[in-house]
Structures are given as structure tokens and as C-alpha cells.
Amino acid sequence: MTAVAAVAQDVNESVAEPKGKRRLVVMLSVPLMIAAVGLYFWLVSGATVSTDNAYVKQDVTAISTQVNGPVSAVYVRENQHVNRGDILYRIDPAPFEAALHAAQAQLAAARLQTNQLEVQAAGTTADIRGSEANLAIMRRAYERQAALMKDGFTTKAAYDDALNDMTEAQTDLANARAKSNNASAAIAPAGNQPQIAAALAAVEKARLDLQHTVVRAPTSGIVAQSDRLLVGQAALVGVSMLSIVGDQQAWIEANFKEGDLARMTRGQSAEIEFDAYPDLKIKGHVASIGSGTGSEFSVLPAQNANGNWVKVTQRVPVRIAFDKTPPREMIAGLSSTVTVRVRGGN
């Protein structure tokens, strides 16, 4: 073998040796990577449950009037922030002011009538005293006639007249006492006269109705759905004129599949993402788990008592509370994705 051939053989052997090592490393690393990935997924799998059927929720208060009437003034606009007690709008107060004046007049008439009854009752007392005095005179006259009749010094006619006068005096006294009882019965004890109480209630209702013409915000928040709140628009009791979206607290209502609930409990940590804020992730926790499925509380609950029943996976609302105040504005109804850690601690 020549020197050149020997050198070429050495070079080939030196090149073949690294290639064999690399092939061995590749052959060993691929199974190891597969095993590592499988181990990772085995460890992570089942540690969390998530849903994208989740939305931001806030307290929404529908504002309606407690009296009927046209809107006379509006003090708010759409998306305006209001504080509790701020005036939102007014109802025309004119008819309610008139109703208050009428109720006050009714109260005055009731008090006048009560005074008349009291005076009448006081007058019957004097009538009783006069009837008692007259009866005493008639009784003495009768007794004299009776004594004279016994001794034969008077006539039968005079005796009968005295007896009749005494009887009439007794009747007058009985009538006076009955009239007094009737007058006293018309006056309630302790000044609780029914007519006055009814008139006071009418005045109070009229005053409340007048106060209700000024509609104030029952809570702080943002004005929404105020398109019907126009001057001249008829406001009806029970018909919402606007809504206030509360700014004190927001939460997430996440609808999880019923199969995920077995491992979910209150207090488990959660991560919340928002479609409106792609770069925002907020920490939260499970505040409560709903007591019924969404379909159970729907307007038309499902009726499965027929032969065409098909099982559908139900979803249960789970309330997710924020651990801290979100750095971005939480708008009611925003779509979100919630991931709850159900294994491995918080």
C-alpha cells in the first residue's frame, strides 16, 4: 500500500467516526424528545379547564318612573357617568302639585268635621244636664200631687198631668243621653280620627308622588340605553327609560361544560383573557358555581319528555372574580376566555 492510499484510508476512517456518533445521537435523542413531550403532556393534561363561552358582567339597573307623566327635563346623556343621587330627569310636576293641594284641602275638611263633632258632643253634655234638672222638677211636682191625692186635696186630672210630665222628662233625658253617646262614638279615642288619618295618608301619597317626579340615580355608574329619554316623551310606571351600568364591581360569567364541574371548587385560581384586549391577562379565582344550568333558567326551558330526545352537554355558569382591579375598562358583555387551574395548587 502506497503512502497516499494509507493517508486516504486514515481520512475516511476519521470522517466516518463522527458520522456514526451523530447518527447514534440522533437515534437516541428522538425517542427521548418524544418521551419528554409525552411526559409533559401527561403532567399538564387535566391540570386546567377552560372555556371561551365567558363574558364580562356588571350590575345593570333599569330606571323607570314611579308616576306617569311627560318628561319635562333631561339632565344626562348616553355614556355619561353619574353618582348616586344625581338627578337624571324630571316628570311634569303640575298635576301632582294640584293633587297635593287637593289632599291638603281634604285634610282641612276632615279636621273641621272633627271639630264640629267635638263641639256637638260637648253640646249634648249640656242637654243631659238640662234634662236631668227638668226631670228633678217634674219628679218633685209628681210627688207633691201624689201626696195631695192620697189626702184627697187634689184632682185626678192634676195627678195624671204631673205623672205625664215626669214621664216625658224621663224620656227627654234618655234621648239626650243617647244623642250624647252617638256624638261621642263619632269621635275616635286618642285623636285617631279615621277621616283625619285617611286625609293624612292622601296628603303623604300626594307628596311622595310629587317627589317621584324627580328621578335620581339609585347607584353610581354609566348611563346606557337612554334613547327614549326625550323631553315630552311619556314616562310610564314600570317602563324603563334608561339603564345604569354599575361601576363598582365587574366579574366574569364563564359557562363551563357540566363534565368540568367535578374538579372545580370555590377559590381555585383562574386566568382571564379578553378578545378586546389581546395583550391583557388578569388573575382571578372561582367565586361561586351556579345552582342551575343555563337552559334551566331560560325563558323556554327544554322539554325532553318525547321520543326524539337527544342528549346535549349542558353548561353551568361559574362566577369568576378578579383578584385585583383590572387595569383596563371592563365593559359589560365583552367576550373572554377563562382558564381555571383544577390541579396542582394555585
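Taken together, the values in this text are just the output of simple stated rules run on the coordinates, not laboratory data. Computed from a prediction, not measured in an experiment: that's the story for all the values here. Note: ideal-geometry Cβ built from the backbone for every residue, glycine included; neighbour counts use all protein chains shown.
Converting phi to 3J(HN,Hα) with the Karplus coefficients 6.51, -1.76 and 1.60 and the offset θ = phi - 60°, the stretch 51-57 yields 8, 9, 8, 9, 9, 6, 10 Hz in sequence order, with x at every glycine or proline.
A Förster radius of 45 Å, combined with the Cβ-Cβ distance separating residue 198 from residue 279, puts the computed FRET efficiency at roughly 0.10. Each of residue 94 and residue 163 was given a label point 7 Å from its Cα along the Cα-to-Cβ line. The distance between the two points is 7.8 nm.
With both labels modelled 7 Å from their Cα along Cα-to-Cβ, the residue 53 to residue 144 distance reads 11.0 nm.
Here residue 156 and residue 109 are evaluated by their C-beta separation; at R0 = 41 Å the FRET efficiency comes out at 0.10. Given their separation in residues at 0.36 nm each and the Cα-Cα distance between them, residue 225 and residue 101 gain 41.1 nm when the chain is fully extended. Summarising the label geometry, the points placed 7 Å from Cα in the beta-carbon direction at residue 80 and residue 249 lie 2.8 nm from one another. Take residue 207, project a point 7 Å from its Cα along the Cβ direction, then tell me which residues of the stretch 72-110 have their backbone nitrogen under 17 Å from it. Residues passing the 17 Å test: 96-110.
If you take the beta carbon distance between residue 29 and residue 291 as r and set R0 to 56 Å, what does 1/(1 + (r/R0)^6) give as a FRET efficiency, to the nearest 0.05? So the FRET efficiency works out to roughly 0.60.
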